[in-house]
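The values are calculated or read from the model by the stated rules, or taken from the named source; none is laboratory data. The structure displayed is predicted, hence computed values, not measured ones. Cβ coordinates were reconstructed from backbone atoms using ideal geometry, including for glycine residues, and neighbour counts include every protein chain displayed.
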Amino acid sequence: MRDKQPSCNPMSRDQQGSAAAFSLFPGCSGCRGSASSSSPVQQGHKSPGRFTQVAGLRNLRGGAAQRELSQRVKRQLAQCQVGQILKVADNCADHMTLDGAVAALQTLARDREFKANGKDRRVSGLLDVYRKFLLPDRCFLDMKQTYTQKEFRLMKTEIAAFCAIGAGAYASGALQSAFVPAAGKQENRGHLRASHVSSQAPSTASSSSTVVLASAAAGMAVAVGSGKGRRVRTQQKARGGFDTVKSEEVFTEAKTLMPGGVSSPVRAFKSVGGNPVVFDRVKGANAWDVDGNEYVDYVGTWGPAIIGHADDTVLKALNEQMQKGTSFGAPCALENELAKMVIDAVPSVEMVRFTNSGTEACMGMLRLVRAFTKRDVVIKFEGCYHGHGDAFLVQAGSGVATLGLPDSPGVPKGATTSTLCAQYNNLESVEELLKENEVAAVILEPVVGNSGFIPPTKEFLEGLRELTTKYGALLVFDEVMTGFRIAYGGAQEHFGVTPDVTTMGKVIGGGLPVGAYGGRKDIMEMVAPAGPMYQAGTLSGNPLAMTAGIETLKRLKEPGSYEHLDKITSKLINGILDAARENGHKVCGGHISGMFGFFFCEGPVTCFADATKSDTEKFAKWHRMMLKKGIYLAPSQYEAGFTSLAHTEEDIEKTIAAAKEVFAEL
């Protein structure tokens, strides 16, 4: 709460209240926007309760006063520009509790007429700023979409200088004349000229020309100046360092609430050391942690964010669907629409069943192939990961490889006795097992992403197709990661090899929980209720996941989507490899479309055994150093990375520049 924080503002609470009253309401002599040449502080409004007297709220207390003030704020701002909105929010925060200022903005944001004009988009980002007292960077990150990149960079630089000057100058009115009027000057919107700062009182100015950032910056400067911790944080920001104090606090608490402090093991940063950063929000190709640090994100929520985080089109469609309901537990027309898109795109899929995760899809697929072939044995590959189902936790990749676990306690021996392992990219090891066993299916990641990035040879995939047909086994591609990622039709389209059954997830849910398995019609008709193989799910095919998936696939189908992914990913991986070589480090890697990876070893890496030769200690150091430069990569040598349609040339160049610096220091 703001009123519990120590303040460096030399005005008393009554003075601040009086100042707030004069700035908020028209007709008050002494308003900063009036003809008076002096500020409310200079006029000496010091009497207790002066705010309520001037505002006409003398007989209202507590919540009633707050609600009345919020209503007045709303009416006052009905036709205001963004500058006045921020000014009012700041003055509300000066006088009321922090929640009062937030309530005023929330009331404004909910107003239908205001929404219709599209102005609330610029206001909504300030709510968390006032609530959490983050640095000015956070305010402008929330407003980033409103300004050009050039304006945005300049604002951040100038506000950093502003905060260095200190909050006291603002409280005395010395900085108010430093803001450039925004009215009619698009090119000057939001700019602070620190060189204009003087010790003189502000000159008169029309309130209609109040700059967008004036009060927001001032309010944040006061907050930053409150207490030693915030001053230190400001200094760290100014030096370009990353302060993760809040992330540490959140993660420390999380460890008392959840095993290891996370909901999925790899997120704990065990293999790279230190504690994870805790995300607060994401947008496009970027992520921001709870301390306000910005990152270029190459994890992309582990693959689904292929068109970028929080895509506006997806969010709009989800919002419309949420008005109709979040889950039906009944057939939904959206299931038909997404099913048609998947069937049209993926060569092997003639029918599809939706689930809630990739693991669930693989578990259903395993039961299906055994039911269809009336055989129990399946072949998987060392380092390939197919979810945490018992039968698959044999020499698995992903978090199992990251944590160095050959399997998992709690998995009965009987659950894995029918699971055999072969070596990836080695057809001889597969044929030996096919000769000796009646195999239901050969299951693989067509491009390994859960042991790092390991591509197949085309001969390997073609050979598997021939061998499985020869020995009466089904060929299954686990395309949870590669589906719609390396091509619209997945790896099977990219390599021209069609399996019998395919599992999917990640991208087809557009960032919401989803999974699916599909294949030839004669195989899929074994699934209940069409056939005897039972599999079900309460939230399977829920309308939100279907909606996000539909909008994501529509975007991916647009011309140039995969060309963009290939172009930027090629530039990224080549830049990183060049930076490593220039500094004498042995690093190898590659990419297919928007999926990439590299190993800290000489290479080439063609199987999991090769991947384990990587220098994981050096990778861990490199990862931590890149993180401090604002580059968020998968926190494991044994995980692939991802780009998105939202990544720009500028993002790639920033990443390569950071890699050069880190490799030089490593």
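Condition test on Val266, is it under 24 Å from Phe453 (Cα atoms) and over 10 Å from the mean Cα position of the chain (by Cα)? Outline the logic, then answer.
On the way: under 24 Å from Phe453 (Cα atoms): yes; over 10 Å from the mean Cα position of the chain (by Cα): yes.
The answer is yes for Val266.
Just to be sure before I move on: is Val501 within 19 Å of Met341 (Cβ to Cβ) and of a type in the set (Val, Ile, Thr) in the structure I sent? Walk me through how you get there before you give the answer.
Values: within 19 Å of Met341 (Cβ to Cβ): yes; of a type in the set (Val, Ile, Thr): yes.
Yes; evaluated as a whole, the condition is true for this residue.
Which members of the range 475-510 meet the condition of being surrounded by 24 or more Cβ atoms within 10 Å (Cβ to Cβ) and in a loop (DSSP other than H, G, I, E, B)?
Glu479, Val480, Met481, Thr482, Phe484, Arg485, Ile486, Pro499, Gly510
Gly399 fails exactly one of the following numbered conditions: (1) modelled with pLDDT under 95; (2) touching a Leu at 6+ places or on another chain (Cβ under 6 Å); (3) buried (at least 19 other Cβ atoms within 10 Å of the Cβ). What is the number of that condition?
Among (1) modelled with pLDDT under 95; (2) touching a Leu at 6+ places or on another chain (Cβ under 6 Å); (3) buried (at least 19 other Cβ atoms within 10 Å of the Cβ), Gly399 violates only (2).
I need a count of the residues in the range 238-263 that are within 28 Å of His388 (Cβ to Cβ) and more than 21 Å from the chain's Cα centre (by Cα).
8
Please indicate, with yes or no, whether at least one residue in the range 520-531 is within 18 Å of Gly483 (Cα to Cα) and of a type outside the set (A, V, I, L, M).
Initial filter on the range 520-531 (within 18 Å of Gly483 (Cα to Cα)): 520.
Next, from what is left, pick out any that are of a type outside the set (A, V, I, L, M): 520.
Scanning the range 520-531, I find at least one residue that is within 18 Å of Gly483 (Cα to Cα) and of a type outside the set (A, V, I, L, M), so the answer is yes.
Considering each of Lys618, Lys654 in turn, give the residue that is in contact (Cβ under 8 Å) with a residue 24 or more places away in the chain and in contact with a Phe, Trp or Tyr (Cβ under 6 Å, 6 or more places away or on another chain). Give the steps one after another, and end with the answer.
On the way: Lys654 fails: in contact with a Phe, Trp or Tyr (Cβ under 6 Å, 6 or more places away or on another chain).
Going through Lys618, Lys654 in turn, the sole match is Lys618.
Looking at this structure, is Glu661 surrounded by fewer than 17 Cβ atoms within 10 Å (Cβ to Cβ), in a helix (DSSP H, G or I) and not β-branched (Val, Ile, Thr)?
yes
Being in contact (Cβ under 8 Å) with a residue 24 or more places away in the chain, closer than 22 Å to Tyr488 by Cα and assigned to a loop (DSSP other than H, G, I, E, B) is the filter here; which residues of the range 533-563 pass it?
Correct list: Gly541, Lys557.
Which count do you get for residues in the range 558-610 that are surrounded by 18 or more Cβ atoms within 10 Å (Cβ to Cβ), of a type in the set (Ser, Thr, Tyr) and under 22 Å from Ser451 (Cα atoms)?
Number satisfying all stated conditions: 3.
Quick one: in the range 329-375, of everything that is acidic (Asp, Glu) and under 23 Å from Gly511 (Cβ atoms), which residue is surrounded by the most Cβ atoms within 10 Å (Cβ to Cβ)? Write out each step before concluding.
Restricting attention to the range 329-375, the residues satisfying the condition of being acidic (Asp, Glu) are 335, 337, 344, 350, 360.
Right, trim to under 23 Å from Gly511 (Cβ atoms) and you get 335, 337, 344, 360.
Details: Glu335: 18, Glu337: 15, Asp344: 12, Glu360: 23.
Top of the filtered list is Glu360.
Can Asp610 be described as acidic (Asp, Glu), assigned by TED's automatic domain parsing to the domain that holds Gly594 and either more than 26 Å from Phe460 (Cα to Cα) or touching a Lys or Arg at 6+ places or on another chain (Cβ under 6 Å) (or both)?
No: the conditions fail for Asp610.
Going by the structure shown, is Arg281 at pLDDT below 95, surrounded by fewer than 18 Cβ atoms within 10 Å (Cβ to Cβ) and either touching a strand residue (DSSP E or B) at 6+ places or on another chain (Cβ under 6 Å) or not assigned by TED's automatic domain parsing to the domain that holds Ser614 (or both)? Please lay out each step first, then the result.
On the way: at pLDDT below 95: no; surrounded by fewer than 18 Cβ atoms within 10 Å (Cβ to Cβ): yes; either touching a strand residue (DSSP E or B) at 6+ places or on another chain (Cβ under 6 Å) or not assigned by TED's automatic domain parsing to the domain that holds Ser614 (or both): yes.
No, not satisfied.
If the Cβ limit is 7 Å and pairs must be 6+ apart or interchain, which residue in the range 575-597 that is touching a residue at least 12 places away in the same chain (Cβ under 8 Å) and in the same structural domain as Ala634 (by TED's automatic domain parsing) pairs with which residue that is among the basic types (Lys, Arg) and crowded, with 24+ Cβ neighbours inside 10 Å?
These pairs meet every condition: Ser593/Arg485; Gly594/Arg485; Met595/Arg485.
If we keep just the residues of the range 289-328 that are within 15 Å of Gly511 (Cβ to Cβ) and free of Cβ contacts under 8 Å to residues at least 24 places away in the same chain, which is surrounded by the most Cβ atoms within 10 Å (Cβ to Cβ)?
If we take residues in the range 289-328 being within 15 Å of Gly511 (Cβ to Cβ) and free of Cβ contacts under 8 Å to residues at least 24 places away in the same chain, then Leu315 is surrounded by the most Cβ atoms within 10 Å (Cβ to Cβ).
Restrict the check to the range 483-498 and report whether at least one residue is closer than 26 Å to Thr313 by Cβ and among the aromatic types (Phe, Trp, Tyr).
Checking the range 483-498: at least one residue is closer than 26 Å to Thr313 by Cβ and among the aromatic types (Phe, Trp, Tyr).
On the basis of being surrounded by fewer than 21 Cβ atoms within 10 Å (Cβ to Cβ), modelled with pLDDT under 95 and touching a Ser or Thr at 6+ places or on another chain (Cβ under 7 Å), does Gly389 make the cut?
So Gly389 fits the description; yes.
Restricting to the range 511-533, name every residue that is acidic (Asp, Glu) and either crowded, with 17+ Cβ neighbours inside 10 Å or in contact with a Pro (Cβ under 8 Å, 6 or more places away or on another chain) (or both).
Those that are acidic (Asp, Glu) and either crowded, with 17+ Cβ neighbours inside 10 Å or in contact with a Pro (Cβ under 8 Å, 6 or more places away or on another chain) (or both): none in the range 511-533.
Given Gly490, Gly496, which one is on the phi > 0 side of the Ramachandran plot and in contact with a Ser or Thr (Cβ under 7 Å, 6 or more places away or on another chain)? Step through it out loud before you land on a result.
Details: Gly496 fails: in contact with a Ser or Thr (Cβ under 7 Å, 6 or more places away or on another chain).
Answer to the selection: Gly490.
Which residues, taken from the range 415-449, are in a helix (DSSP H, G or I) and among the acidic types (Asp, Glu)? Working first, answer last.
Residues of the range 415-449 in a helix (DSSP H, G or I): 415-416, 427-436.
Glu428, Glu431, Glu432, Glu436, listed by residue number.
Look at Glu438 and say whether it is touching an Asp or Glu at 6+ places or on another chain (Cβ under 9 Å), in the same structural domain as Thr359 (by TED's automatic domain parsing), more than 27 Å from Gly483 (Cα to Cα) and at pLDDT 95 or above. Give the steps one after another, and end with the answer.
Working: touching an Asp or Glu at 6+ places or on another chain (Cβ under 9 Å): yes; in the same structural domain as Thr359 (by TED's automatic domain parsing): yes; more than 27 Å from Gly483 (Cα to Cα): yes; at pLDDT 95 or above: yes.
Judged against the criteria, Glu438 is a match.
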